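For reference, the structure is listed below as structure tokens.
The values are calculated or read from the model by the stated rules, or taken from the named source; none is laboratory data. Since this is a predicted model, take the numbers as computed values, not measurements. Note that each Cβ is placed from the backbone with ideal geometry, even for glycine, and that neighbours are counted across all protein chains shown. The accessibility values were calculated without ligands, DNA or RNA, using every heavy atom of the protein model including side chains. Shrake-Rupley method; radii C 1.70, N 1.55, O 1.52, S 1.80 Å.
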Amino acid sequence: MAHFRSRFSSFFTNRWFVFVAAMWVQSCGGVGYLFGSISPAIKSSLNYNQRQVAVLGVAKDLGDSIGFLAGAISEAAPLWVAMLIGALQNLIGYGWVWLVVSGYVATPPLWAMCILIFVGNNGETYFNTVALVSCVQNFPKSRGPIVGILKGFAGLSGAILTQIYTLMHTDDHSTLILMVAAVPTVVALAMMFLVRPVGGHRQVRPTDNASFIFVYCICLVLAAYLMCVMLLEDLVDLSRLTIIIFTVVLGILLLLPVAIPIFLTISDGESGTEGVPLLFEEGKQEAGKSGVKEPEIPEYILSELEEEKPKEVDLLPASERQRRIAQLQAKLFQAVAEGAVRIKRRRGPRRGEDFTLMQALIKADFWLLFFSLLLGAGSGLTVIDNLGQMSESLGYNEAHIFVSMISIWNFLGRIAGGYFSEIITRDYANPRPIALATAQILMAIGHFFFAMAWPGTMYIGTLLIGLGYGAHWAIVPAAVSELFGLKYFGTLYNFMTAANPAGSLIFSGIIASGIYDSEAAKQAKGHLNIKPNFSLFAWLGGDDEPLKCEGQICFFLSSLIMASFCIVAMILSIILVIRTKIVYKNLYGNSHT
């Protein structure tokens with residue numbers, strides 16, 4: 001009985017079980033992706049026009065991306081507190097929206113509805129922060145796959161919740177809003193004490209590769225399955241029993257990853273502290289084996305070490321680099337003893353160490369990554385927000401097919417971004433932003449296809465933009481944790497996500513919509529002397545019926561502008577690659593010597 005209790009306890013403290021629990025939270029936590037499905041119910045019941053719905057969409061984007069408070073709480077309190085706050089925000093925000101839409105409470109003004117949407121969607125930032133902070137700390141040498149898979153499930157949550165709603169088989173569209181308020185809240189409350197860092201066994205293990213391959217296979221099957229199910233349900237009138245079977249299979253696929261911690265617990269694969277040590281522990285273990293206790297190096301003389309160390313030392317093999325640094329340290333200790341060197345404290349952390357937000361904000365690397373994300377992801381979000389109008393302008397009647405497709409490609413982009421960027425860093429010790437630059441090249445090509453509007457390019461453009469946009473959200477968080485440390489990762493990551501609504505506000509809310517309205521006005525009035533209105537206030541205000549634009553010209557110029565932004569983002573990523581080569585050599589170069 002004691003042995004059984006021990007195994008049962010070790011199962012809940014297994015880092016793979018924490019990862020699976022975080023996947024479950026993320027699989028229903030990306031409620032922002034359902035806004036396109038719940039906005040028609042809000043629009044019809046509250047008699048909103050399209051611009052008022054667009055204002056709610058901006059509030060949704062801001063709530064989804066502004067997570068400074070979530071990051072601060074995750075540092076100052078246990079992570080379950082952040083998860084609880086996120087669940088309450090989700091319930092209160094979307095729960096109140098459901099009460100309004102259903103007529104149980106009086107209709108508030110538009111600004112109050114924006115606050116409710118913001119509060120409800122902001123709960124997602126708490127789910128993201130808790131899941132990423134916990135799992136990145138539990139898998140510090142597998143950050144790419146971890147971030148890619150978790151962010152991928154967040155992107156796929158819209159399709160998962162839509163399938164659950166289809167099972168409910170109700171004509172009351174406000175029920176979807178109630179489901180958005182209830183399901184993520186229940187799952188988060190059930191998992192809030194399980195998703196957390198677990199100590200004692202965070203090392204790389206021989207079973208990790210097989211476990212990740214198993215998860216990747218499930219992700220690919222899940223994406224293909226949801227794509228087929230959505231197409232069948234859209235094109236064929238399915239029976240109630242068939243929909244139930246489809247949903248049950250979906251539930252089984254979501255539960256399958258729990259087989260990993262069950263197997264590892266039974267086979268003792270994750271017991272104890274055996275495994276490949278972390279990079280920063282290697283030197284300590286080697287010293288312990290030799291029986292010689294190395295003297296502790298005071299942190300305040302490391303600044304002298306950095307100044308005296310030749311740059312080529314960082315490019316040497318690990319053993320030679322450690323020997324050269326040890327010799328330099330010995331000389332510095334002797335110089336300190338003789339008074340030849342004045343001891344001084346370091347002025348701040350170096351790349352790869354733990355940065356606070358204020359320390360990171362004065363670093364060029366941080367802003368290179370931020371603006372690369374703003375230009376790349378912002379241009380991708382512009383396509384996502386305007387995909388319906390883009391497809392309609394080219395004569396496609398079923399715009400939701402492209403919306404569903406880009407959701408799936410977004411998911412696969414996050415999975416692939418984490419997987420391939422991990423190969424680049426772990427196997428070749430190259431900077432992770434190389435993968436970011438590659439994703440931005442794909443997006444530039446995708447925007448070009450949208451601009452040309454050749455037959456079939458909607459499918460190609462959707463594929464490239466979805467993959468590239470999704471890859472950003474697997475690569476950037478992992479790069480932040482590598483360059484600026486794990487201690488304040490929650491705050492740093494949530495600051496980075498602010499690039500998403502900033503890009504959406506500028507590129508979609510001002511540029512793309514301004515050009516679209518200008519071209520629509522030209523078509524409606526039959527002359528070419530109308531100047532584009534790029535005013536944000538014009539976009540937010542007015543109750544006039546928005547004009548409809550038809551043809552390639554509607555998004556030709558804005559797509560070329562987006563392609564140019566992606567090229568600039570790629571250049572910023574390449575600059576970051578050049579600046580951080582030595583950092584990645586130090587982080588991952590030891591495994592190749």
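Figures for the structure shown
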| quantity | calculated |
| --- | --- |
| Number of the exception - ASP172 against (1) within 30 Å of ILE92 (Cα to Cα); (2) open to solvent by 30 Å² or more (accessible area, probe 1.4 Å); (3) at pLDDT below 90; (4) in a helix (DSSP H, G or I) | (4) |
| Some residue of the stretch 262-281 being at pLDDT 80 or above, within 26 Å of PHE8 (Cα to Cα), of a type in the set (Val, Ile, Thr) and open to solvent by 80 Å² or more (accessible area, probe 1.4 Å) | yes |
| Residue among VAL195, VAL236 that alone is farther than 21 Å from LEU412 by Cβ and at pLDDT 85 or above | VAL195 |
| Residue check, ALA22 at pLDDT 80 or above, more than 27 Å from LEU255 (Cα to Cα) and buried (at least 20 other Cβ atoms within 10 Å of the Cβ) | no |
| Flag if GLY470 is within 16 Å of the chain's Cα centre (by Cα), closer than 30 Å to ALA131 by Cα and open to solvent by less than 10 Å² (accessible area, probe 1.4 Å) | yes |
| Matching residues in the stretch 48-105 - criterion: being within 20 Å of the chain's Cα centre (by Cα) and among the basic types (Lys, Arg) | LYS60 |
| Helices (runs of 4 or more DSSP H) contained entirely in the stretch 64-164, each with at least 1 residues that are within 30 Å of LEU231 (Cα to Cα) and open to solvent by 20 Å² or more (accessible area, probe 1.4 Å) | 79-102 |
| Number of positions in the stretch 435-456 that are open to solvent by 40 Å² or more (accessible area, probe 1.4 Å) and under 20 Å from the mean Cα position of the chain (by Cα) | 3 |
